[in-house]
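**Student:** Below is one structure. I have some questions about it.
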Amino acid sequence: MSRELSFINIQWLWPILGIAILLWGVFIWKEWSQPVKSKRYINCGVALIAILSLVLLALKPVLLITDHTTKIVLLTPNYKPVQLDSLQQTYKGISVREYVDTKSILAPQEIPETLFVLGEGIRAFDLWQLDKVPTVYLGGNIPKGITRLKYPTRSVVGDSWIMKGQYQGAQQGHHLVLTDPGGKPLDSVRLKGEDRQHFELKVDLKLKGRFLYELLEKDSIGQIITKDPIPIKITDRTPLKIAIINEFPTFETKYVKNFLAEKGHEVLIRSQLTTARFKYEYFNMEGRQEFRFTKDALEDFDLLIIDVNSLRSLSRNRRKALEKAIRESGLGLFIQPDATVYTKTMPIASFDFLQKKQTNTTIKDWSKSSINTYPFVFKNTFSVTPMYGVDTNIVAAYERKGVGRVGTSVFQSTYELLLNGQTQTYQGIWTKIVQNLSKKQPPNVLWKTPMTIAYPDEPFDFQLRTQFSNLTVIDDTGLSIPLKGHKDIASLWEGVTYPKDIGWETLRLEQDTMTILDYYVTDTQKWMSIKATQTAITNERYFQDRKWGKNQDKKIPEPINPLWFFLLFLGTIGWLWFAPKL
């Protein structure tokens, strides 16, 4: 505890001192006729004390007290003991408390001078309690285990489902194993004993439904260390209507049409035999129809795959009809490339290319596969959206045209991947191309949540976009959940629910009960390392912009009793009155 002297009426300091000096000067002039020098000096000194007493009465002195006992240390899991020791040595008598997420952090009306938060931090739903509290977040130890995880919670039958993550403080010899709902291992990765190891697990999805996969960590002898749930909702793929137009039959088209047909899409293939004569093939289509380049006919399709020579040979009217279908109806267009695409003008599209010597490439999702390419890459312009590649190595991309998309690639003879046994790479490439370019059908309700897993009795945030008004969201028990509309976006709504039981839960819109949000509620002891990491990140972001930051010591003013100055004034005046009579 330290003290500093200050004055309440400090702004009057110079006028008061001026008057005091003037009074003392008058008193000195009056006393200078005193024949006895010793009495003259004593009376002038006593007069100075009397005047100073009046000055202090006018300025009202106070003591500014710094009391470190108003500082609090809040301990959360994974805190560093050395940080606590340092704070206790610096601030003697500092209060130490432990954070419990089911209790209030501070007592009512209690606002400490500074609150130090040690460890992973305060849960997001409790941060509001510190909105007006000067807080310094010091962090703690990095937890061991899986600290980052990314995977799609919703997928489609036939897709390759990929999970990516980061393991902190891995122990050599341990394994991560992905298992299906029956406990069957699907994929695994060996941990290398690195401080930070990135991993990837992959599985092909074959059945629709709500499934609970699990991620296991096993030691070197196969004992299970941890077991955490991975909820996935798998739906049937919505079949697309796709047309393939070729100047002549090619191996590339042959394998593409087989792949699309196996995925359940309706596929029409038109290959030119001679002038005005065409060969048609149909897959998964009930009706037999000729393909016409009119706006009405093109609107029936979701995606058009066409080679560049067929595109260039279109008449002006047919090209206009195609562009109109793309811009207004959302038709997707994929231009099958050849060597002339990169050096001659391409109709409809406006891609620019850069020449390279390299005639093969690898892509991020399939890094073990080498794909043949033409010696070009896309020029990274504002209008280009990459499908594969980044920056100066974009190998597949599209550009938006109205509500539709036009894309192409530098891939050459992708069917050779199948011939080389790289089926997953081939299917992955074409799946992404079809998904990115095909016509988009906006749902009546679009659900979104920042969380992949919920916990019992903890808030679960969600958003939904819809054109419905007077919305009502209900849970499995039939209770309605209050919604808050976005102040700027009329179609965006937000809500919070508090699930009670472990297992699958559902939210649905009363106006459209077929569109639902499925989410999984798991035990609070699952995914502990991820929870700790996310809590630390949330705390760091929440407290880093606080205006006070590492605030200065708070000074508490303690007034000095003016009675002491008044008594001193009476004593000195009494002496000056009594001294001449001696």
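**Student:** Give the aspartates and glutamates reachable from residue 484 as a straight Cα distance under 18 Å; neighbours fewer than 8 places away on the same chain don't count.
**Tutor:** Once the sequence-local aspartates and glutamates are set aside, what remains near residue 484 is 461, 475, 494, 510.
**Student:** Normalising by the residue count of the chain, find the relative contact order in percent from Cα pairs under 8 Å and 6+ residues apart. All intermediate terms of the calculation are to be shown ahead of the outcome.
**Tutor:** Numbers: 1091 pairs, mean separation 76.9, N = 582.
Relative contact order here is 13 percent.
**Student:** Please get the size of the charge dipole for segment 445-521, origin at its Cα centre, with Cβ charges of +1 on Lys and Arg and -1 on Asp and Glu, quoted in debye to the nearest 20.
**Tutor:** I would put it at about 300 debye.
**Student:** At a 10 Å Cβ-Cβ cut-off, how would you order 230, 94, fewest neighbours first?
**Tutor:** Details: 230 22, 94 19.
Ordered from fewest to most neighbouring Cβ atoms within 10 Å, 230, 94 come out as 94, 230.
**Student:** Rank the residues 447, 577 as a footprinting-exposure proxy: fewest other Cβ atoms within 10 Å of their Cβ go first.
**Tutor:** The fewest-first ordering by Cβ neighbours comes to 577, 447.
**Student:** Just to check I understand the Karplus step: with θ = phi - 60° and J = 6.51 cos²θ - 1.76 cosθ + 1.60, what whole-Hz values come out for segment 444-452, glycine and proline as x?
**Tutor:** 5, 9, 10, 8, 8, 9, x, 9, 9
**Student:** Separation between the residue 220 and residue 285 pseudo-spin-labels, each 7 Å from Cα along Cα→Cβ, expressed in nm?
**Tutor:** Computed distance between label sites residue 220 and residue 285 equals 6.2 nm.
**Student:** If you don't mind, there's one more thing I want to ask. Could you order the peptides 506-517, 251-262 from most to least packed, using the average number of other C-beta atoms within 10 Å per residue? Write down the numbers at each step before the final one.
**Tutor:** Numbers: 506-517: 15.2, 251-262: 18.2.
So the order, starting with the most tightly packed, is 251-262, 506-517.
**Student:** Run lengths n ≥ 4 of DSSP H only: what is the helix-derived mean residue ellipticity at 222 nm for the chain, with -39500 (n - 2.57) per run over all residues, to the nearest 500?
**Tutor:** -7500 deg cm²/dmol
**Student:** A further question follows. Using modelled amide H (1.01 Å from N, peptide plane; none on Pro or chain starts), what sits under 5 Å from the amide H of residue 159, excluding residues fewer than 5 places away?
**Tutor:** Under 5 Å from the amide H of residue 159 lie the amide H atoms of 205, each far enough along the sequence or on another chain.
**Student:** Could you tell me which label, among (i) 28.8; (ii) 24.9; (iii) 44.3, carries the value of mean projected area of the Cα convex hull in nm² calculated for this structure?
**Tutor:** Answer by label: (iii).
**Student:** Still on this structure: Can you tell me which lysines have their Cα less than 27 Å from the Cα of residue 324? Leave out same-chain residues fewer than eight positions away.
**Tutor:** 241, 257, 279, 295, 344, 379, 401, 432, 439, 440
**Student:** Let me ask you something else. How would 416, 113 line up from fewest to most surrounding beta-carbon atoms within 10 angstrom?
**Tutor:** Details: 416 15, 113 20.
Final ranking by Cβ density, sparse to dense: 416, 113.
**Student:** Return the loop-located GluC sites (Glu not before Pro) in segment 277-360 (DSSP other than H, G, I, E, B) with at most 12 other Cβ atoms within 10 Å of their own Cβ; answer none if there are none. Mind showing how you got there, number by number?
**Tutor:** Working: sites: 281, 286, 290, 299, 323, 328; in loops: 286, 290, 299.
Qualifying residues, ordered by number: 286, 290.
**Student:** Here's something else I'd like to know. May I ask you to list the aspartates and glutamates whose Cα is less than 15 Å away from that of residue 208, ignoring any residue fewer than eight positions away on the same chain?
**Tutor:** Here the aspartates and glutamates satisfying the reach criterion relative to residue 208 are 159, 180, 236, 518.
**Student:** Moving on to the next point. Over the chain, what is the percentage of antiparallel beta bridges among all DSSP beta bridges, to the nearest 5?
**Tutor:** 70 percent
**Student:** Given H placed on each backbone N at 1.01 Å, which residues far from residue 226 in sequence or on other chains put an amide H within less than 5 Å of it?
**Tutor:** 217
**Student:** Relative contact order (percent) for segment 264-334, with alpha-carbon contacts under 8 angstrom and 6 or more residues of separation?
**Tutor:** Computed value for segment 264-334: 28 percent relative contact order.
**Student:** Also, I was wondering about something else. Step through the residues of segment 503-514 one at a time and calculate ³J(HN,Hα) from phi using the Karplus curve (6.51 cos²θ - 1.76 cosθ + 1.60, θ = phi - 60°), rounding each to whole Hz and writing x for Gly and Pro.
**Tutor:** Working through the residues one at a time gives x, 6, 10, 9, 10, 9, 8, 4, 6, 8, 6, 7 Hz.
**Student:** I want the antiparallel fraction of DSSP beta bridges within segment 241-437, as a percent rounded to 5. Numbers along the way, then the final one.
**Tutor:** Working: 24 of 42 bridges.
About 55 percent, rounded to the nearest 5.
**Student:** Once phi is turned into ³J(HN,Hα) by the Karplus curve 6.51 cos²θ - 1.76 cosθ + 1.60 with θ = phi - 60°, what whole-Hz value does each residue of segment 245-250 show in order, with x for glycine and proline?
**Tutor:** 10, 10, 5, 7, x, 9
**Student:** What are the residues whose amide H is under 5 Å from the amide H of residue 356, where those residues sit 5 or more places off or on another chain and H is modelled from the backbone?
**Tutor:** Excluding prolines and chain starts, which carry no amide H, the hits are 376, 377.
Here, each number is a calculation from the coordinates, and none is a lab measurement. Just so it is clear, the structure is predicted and the values come from calculations on it, not from any experiment. No Cβ is skipped: glycine too gets one built from the backbone with ideal geometry, and neighbour counts run over all protein chains shown.
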